[in-house]
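Here is the structure we will look at.
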Amino acid sequence: MKLTDKDLDAIRQLVKITIDEGLEEKLNEKLRYFPSKVDFFSKMDDVMGELRTIRENHDLLTHRVYEDHEPRMTKIEKKLQIEPTV
């Protein structure tokens, strides 16, 4: 008995459905560990807020350290006869 085009199409459709179901199960298995879009962006907002705070604090500290050390560095440069780097 020879398979007809209709039989082959039915087999292709069955194989496609079986493969699609298997892939969907594997994909769902992998994706369940990822956060949702809302959770991800909520966490990113927190992280960016922390980063902004760190940068602001860094700028404040950098300015303060420079003001505190600048007179001392000038005195040392004069004593050692070193040209200022800035």
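The values are calculated or read from the model by the stated rules, or taken from the named source; none is laboratory data. No experiment lies behind these values; they were computed from the predicted model shown. As a convention, Cβ positions derive from the backbone with ideal geometry for all residues, glycine included, and neighbour counts pool all protein chains shown.
Across segment 57-85, the number of residues qualifying as modelled with pLDDT of 80 or more and out of contact with any Asp or Glu (no Cβ under 8 Å at 6 or more places or on another chain) comes to 11. Candidates in segment 16-41 are the residues that are surrounded by fewer than 10 Cβ atoms within 10 Å (Cβ to Cβ) and hydroxyl-bearing (Ser, Thr, Tyr); of these, the one that is modelled with the highest pLDDT is SER36.
For segment 42-53, the count of residues that are among the β-branched types (Val, Ile, Thr), over 14 Å from the mean Cα position of the chain (by Cα) and surrounded by 10 or more Cβ atoms within 10 Å (Cβ to Cβ) is nonzero.
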